[in-house]
Amino acid sequence: MSTAALLVALVSFVLGALLALLTIPVLVWLERRVAGLVQDRLGPNRTNVFGFRLGGVVQSFADVVKLLLKEEYYPSHIKNGKWLFMLAPVITFVAALLAFMAIPFADTLVIDGQSLRVQPLPIDYGVFWYMAISAIGVLGVIFGGWLSHNKYSLLGAARAGSMVISYELPLGLSILAFIITYDTIDFNAMVQWQSGTFFGFLPAWGILVQPLAAIILIVSLFAETNRNPFTVAEGESEIVAGFMTEYTAMKFAMYFMGEYVAMNTASAVIITMIFGGYQVPWVSTEMLHANFSIFAYSIMIVMPIIVFILIKWMRKNNTVRPSVSTDDGRNFETKVLTIVMIAMTLFVEAILVYLVYLADNSLVNSLAITLFQIVVFVVKLMMFNIFFILIRWTVPRFRYDQVQKLGWYYLLPLALLNIFITALVVVGVSL
């Protein structure tokens, strides 16, 4: 393995770990802020470190510290299988984390004739990897509920098992429809396929090419992540906390974080398969390379506008009404963050000017395009995570029997019908 290949593999793995783990406190913050927005309240905005609140993100890190220092409690009635009781949250968390590692963050990077994947696990069977690994996560839920020797927990585990047999078949069939359409099981090849157009002007995104399969995929992945309206395994209003009733401290935190990693992974799969992944509509990687100057000019124009809007939003929301109290710490934080964002903007602008006017290096241009695609991927990822959160705070929870009815009576027949239609269209086009 060459030095370039080793470096790209290492950077991709670290980036994947950061996107999976460091987004947890950000997603918890987004959950609270969006919930506050839906319920017409502010959400967390007080916890700070040396006066820096970062819009409330610091509260999430405070929660992590609290869970780390909280007392571990083991119910005395759990005697047999205690090691598996402790391992169950880890199974759920690790399964969601490993499933995320098959997602490409940017197009293949070519260095010295080598095609290097910007993907934590550089495999070309990413779809199968995701389906195999993500399905293991429910075992942690079932083991946790069963080994708790608690009737509420056992009910939660039974509900999780019933939900799996309801959504797993429609999920697999919807993915199969995309495999037939894209003619590949490689996530990166799926994104490249979506960089084209159909009917001459529409972007060839999966949501437009396979709308029915896309809807089934989204609904099934909501069920896979145990997010509303499919939180039947927890069901606080019915079975206390379901499978998590007997868990405390970091064991509870592993389940809690596993849900957000699973949500992040599901969002990554959805944007990769049906929303173009790291690609911008109508713009392929080849077009970016061929028109690098136009691409750089566009970034130079758009980035200051975005930063200006962010600074204006921050100044508006990081203040306290004078009639209530004064808070010089917030003014200081706003000033520092404004300076940092302006400095970062000027730095990026200087780099782009250098690349356009002074540098003539295809490798440097490729690295700039790769970085841009990573940013596009992260933006799409966070947008769909926000969609997950909005659904949680606006749609009521199904009963577990309604989940089964939805899966068996509606999603499964529609998925089978879609497979039949897809096969006819693909065979007809090939002829």
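The values are calculated or read from the model by the stated rules, or taken from the named source; none is laboratory data. All values derive from a computational prediction rather than experimental measurement. Cβ atoms come from the backbone with ideal geometry, glycine included; neighbour counts cover every protein chain shown. Heads up: the accessible areas ignore ligands, DNA and RNA and are worked out on the full protein's heavy atoms, side chains in. Shrake-Rupley method; radii C 1.70, N 1.55, O 1.52, S 1.80 Å.
Kindly check whether there is at least one residue in the range 173-193 that is touching a Ser or Thr at 6+ places or on another chain (Cβ under 7 Å) and surrounded by fewer than 23 Cβ atoms within 10 Å (Cβ to Cβ).
First pass over the range 173-193, keeping only residues touching a Ser or Thr at 6+ places or on another chain (Cβ under 7 Å): 174, 177, 180-181, 187-188, 190-191.
Within this subset, residues satisfying the condition of being surrounded by fewer than 23 Cβ atoms within 10 Å (Cβ to Cβ) are 180-181.
The answer is yes, given that some residue of the range 173-193 is touching a Ser or Thr at 6+ places or on another chain (Cβ under 7 Å) and surrounded by fewer than 23 Cβ atoms within 10 Å (Cβ to Cβ).
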Notebook entry, point to check: With respect to Asn264, is the statement that it is in contact (Cβ under 8 Å) with a residue 24 or more places away in the chain, part of a helix (DSSP H, G or I) and either of a type in the set (D, E, K, R) or touching a helix residue (DSSP H, G or I) at 6+ places or on another chain (Cβ under 7 Å) (or both) true?
Noted result: yes
Only unsatisfied item for Phe100, checking (1) surrounded by fewer than 22 Cβ atoms within 10 Å (Cβ to Cβ); (2) under 30 Å from Val280 (Cα atoms), is (1)
Residue pairs qualifying under the 7 Å Cβ cut-off, at least six apart or on distinct chains, with the first in the range 30-55 being under 20 Å from Ile391 (Cα atoms) and the second being open to solvent by less than 40 Å² (accessible area, probe 1.4 Å) and at pLDDT 80 or above, are Leu30/Asn385; Leu30/Ile389; Glu31/Ile389; Val34/Ile389; Leu42/Gly36; Gly43/Ala35; Gly43/Gly36
If you go through Val14, Val34, Val58, Val49, the only one that is modelled with pLDDT of 80 or more and surrounded by fewer than 17 Cβ atoms within 10 Å (Cβ to Cβ) is Val14
- Quick check, is Gly258 at pLDDT below 90, assigned to a loop (DSSP other than H, G, I, E, B) and farther than 23 Å from Ala343 by Cα? no
Just wondering, is there one or more residues in the range 195-206 that are surrounded by 19 or more Cβ atoms within 10 Å (Cβ to Cβ), assigned to a loop (DSSP other than H, G, I, E, B), of a type outside the set (A, V, I, L, M, F, W, C) and touching a Ser or Thr at 6+ places or on another chain (Cβ under 7 Å)? yes
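Please work out if Val28 is in contact with a Lys or Arg (Cβ under 9 Å, 6 or more places away or on another chain), hydrophobic (A, V, I, L, M, F, W, C), in a helix (DSSP H, G or I) and surrounded by 19 or more Cβ atoms within 10 Å (Cβ to Cβ).
Answer is no for this residue.
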Scanning the range 70-97 for residues that are small (Gly, Ala, Ser) and either touching a Ser or Thr at 6+ places or on another chain (Cβ under 7 Å) or not in a helix (DSSP H, G or I) (or both), the one most open to solvent (accessible area, probe 1.4 Å) turns out to be Ser76
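Going by what's in this entry, would Val302 be described as surrounded by fewer than 17 Cβ atoms within 10 Å (Cβ to Cβ) and not in a loop (DSSP other than H, G, I, E, B)?
Criteria met by Val302.
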Would you call Gly137 under 20 Å from the mean Cα position of the chain (by Cα), of a type outside the set (A, V, I, L, M, F, W, C) and at pLDDT below 85? yes
Within the range 374-431, the residues that are of a type in the set (Val, Ile, Thr) and in contact with a helix residue (DSSP H, G or I) (Cβ under 9 Å, 6 or more places away or on another chain) are Ile374, Val378, Ile386, Ile389, Ile391, Thr394, Val403, Ile419, Ile421, Thr422, Val425, Val426
Within the range 369-401, residues over 22 Å from Arg33 (Cβ atoms) and either modelled with pLDDT under 85 or of a type in the set (Ser, Thr, Tyr) (or both) come out as Thr370, Phe398, Arg399, Tyr400, Asp401
Picking from Leu212, Leu221, Leu217, the residue that is closer than 15 Å to Ser174 by Cβ and over 18 Å from the mean Cα position of the chain (by Cα) would be Leu212
Those residues of the range 211-242 which are open to solvent by less than 10 Å² (accessible area, probe 1.4 Å) and either over 19 Å from Lys405 (Cα atoms) or among the hydroxyl-bearing types (Ser, Thr, Tyr) (or both) amount to Ala214, Ser220, Thr225, Ile239, Gly242
